[in-house]
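What follows is one structure encoded as structure tokens, with my remarks underneath.
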Amino acid sequence: MRWTESLRFRLLAGAAVWVALALMLAGWIIADLFQTHVRQRFEAELTNHLEQLAAVLEIGPDGRPALRQPLSDPRFRRPLSGLYWQVGESGDAPLRSRSLWDSVLDLPDDRVEDGSLHRHGAAGPANQSLFVLERVVLLPERAEPIRIAVAADRAELAGVTRAFNATLALSLAVLAAALIAAALIQVQIGLRPLSRLRGALVEVRAGRKKRFDVAMPTEIRPLVEDLNALLAHAEEIVGRGRLQAGNLAHALKTNLAVLANEAATLDERNAREVGAAMVRQVELMRRHVDHHMARARAAAARGVPGISTPVPDSVAALARVMRKLHAAKALDIRVDAADGLLFAGEREDLDEMLGNLLDNACKWARGRVEVTGRVEMGVEMGQAQAGGMLSITLDDDGPGLPDDCREAALEPGVRLDESTPGTGLGLAVVRDVARLYGGDIQLGASPLGGLRATLRLPAAGA
């Protein structure tokens, strides 16, 4: 298995990607906010120096500007310290801080309104990149305004920003590692129930357990319950298969014993009579095989999702067959099955049930058979309770059955009239298969005067 197909890898990769993206976005926002804050503080400090410079500025006896006292920041007195001030135009031998040494600030030639601040960049001594803040002040002793400026090296601002960004990057990297480690622990804990489920599956396959433990998280519990239901269904199928095999073996054993006895008495004088008895036994064996095969097939198909059979198609096909089989009676077989009726089971089982009922109706009908299919909502029969059950009714105009004989007619091997051919297994097969699907069959009086057989089966897509 490729590592990219691992659920653990996918969860960790997704967590790592989202953590990385979130922390990168957060780092960019924090770095931008810090840089803006530092720039504002940097500019506020220069503004304070500029106001202090304006406060101590005066006009000396020679008419030139001078300072009553030095500025408080010692960096103005240290050569090339990165913090400078200048009073006057660049070309008029301006008054400047000692930190400029023998250099002057190369201020642009633009004019600034009185009292307003002007911000721009300039080249400083030792090729420094300076941020300059300047304004024009008017002193009482002088008619002409004086231009004053304060400048600071941008390297200080850049250094603080770089140091903060490095610390921020390291902090975010540590945080990312911690979050990914937490995600790893979370994934390990979160996937632990699947490991337990895999171990339980090994126990079930080895035969040491019959069911999965349902003590699982709520997200996995439905899967465990479905698996247990599937195991129960498979166990039920196997059990029913064994039961059907035993019943079939018992039924065939009896018929084979009869055949053996008949074969032992076979001679020229009674060959025809014994041959007819053997044919009846073979036919009975075939019916037993069909009966138990139908039960086994229905037990295997019960509860399997996705199986459905259109009822109108099955009824129409069986009606065509019955018209040919009973052509001598010229029966009027009418079918009224709504389109869209679906049986939640196999087509062979539906044909088996409807075929037996329709054949029985045609045997006893005088001239008319009616088949009606509907969906009954909220029908409860036996252990079956569903939102939709099929109700297929077969009516004939034959002699019918008395009330006390209808239940007996559904028992295996019971024949109420020996004058018609058969084995007495048809209606028993119908009831057995219908009950395996959660349905049933009922016999009653028909409005046509004969027998009514009502077959109820689970509907698909109800």
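Quick look at the numbers
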quantity: For the range 1-123, accessible area per residue (1.4 Å probe, heavy atoms of protein chains only), Å²; calculated: 64
quantity: Residues with amide H under 5 Å from that of residue 335, placed H, sequence gap 5 or more; calculated: 371
quantity: Solution diffusion estimate, µm²/s, Stokes-Einstein, the range 193-233, Kirkwood Rh from C-alpha pairs, 37 °C, viscosity 0.692 mPa s; calculated: 323
quantity: Calculated from backbone phi, Karplus (6.51, -1.76, 1.60) coupling profile of the range 146-151 in Hz, x at Gly/Pro; calculated: 10, 8, 10, 8, 10, 9
quantity: Environment charge at residue 11 (Cβ cut-off 15 Å; Lys +1, Arg +1, Asp -1, Glu -1); calculated: +1
quantity: Residue 102/residue 45 FRET efficiency (R0 25 Å; Cβ-Cβ; nearest 0.05); calculated: 0.45
quantity: Pair residue 120, residue 186: separation of 7 Å Cα→Cβ label points (nm); calculated: 5.5
quantity: Approximate spin-label separation residue 442-residue 161, in nm, with each point projected 7 Å along Cα-to-Cβ; calculated: 8.8
quantity: Model label zone, residue 213; criterion: amide N under 17 Å from point 7 Å along Cα-to-beta-carbon; scope the range 1-22; calculated: none
quantity: Inter-centroid distance (Cα atoms) of the range 158-186 relative to the range 191-205, Å; calculated: 39
quantity: The range 1-160: translational diffusion in µm²/s, Stokes-Einstein, Kirkwood Rh over Cα pairs, 37 °C, 0.692 mPa s; calculated: 177
quantity: Inter-label distance, nm, simple model (7 Å from Cα along the C-beta direction), residue 77/residue 33; calculated: 4.1
quantity: Net charge dipole size for the range 303-377 [Lys, Arg +1 and Asp, Glu -1 on Cβ; Debye, nearest 20]; calculated: 540
quantity: Net length gained if the chain between residue 324 and residue 366 were fully extended (0.36 nm per residue, minus Cα distance); calculated: 13.5 nm
quantity: With eigenvalues of the C-alpha gyration tensor scaled by 5 and rooted, the range 313-376, Å; calculated: 21, 13, 9
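The values are calculated or read from the model by the stated rules, or taken from the named source; none is laboratory data. Note that the structure is predicted; figures quoted are calculated from it, not measured. Note that each Cβ is placed from the backbone with ideal geometry, even for glycine, and that neighbours are counted across all protein chains shown. Just the protein is used for accessible areas: all its heavy atoms, side chains included, with ligands, DNA and RNA removed. Shrake-Rupley method; radii C 1.70, N 1.55, O 1.52, S 1.80 Å.
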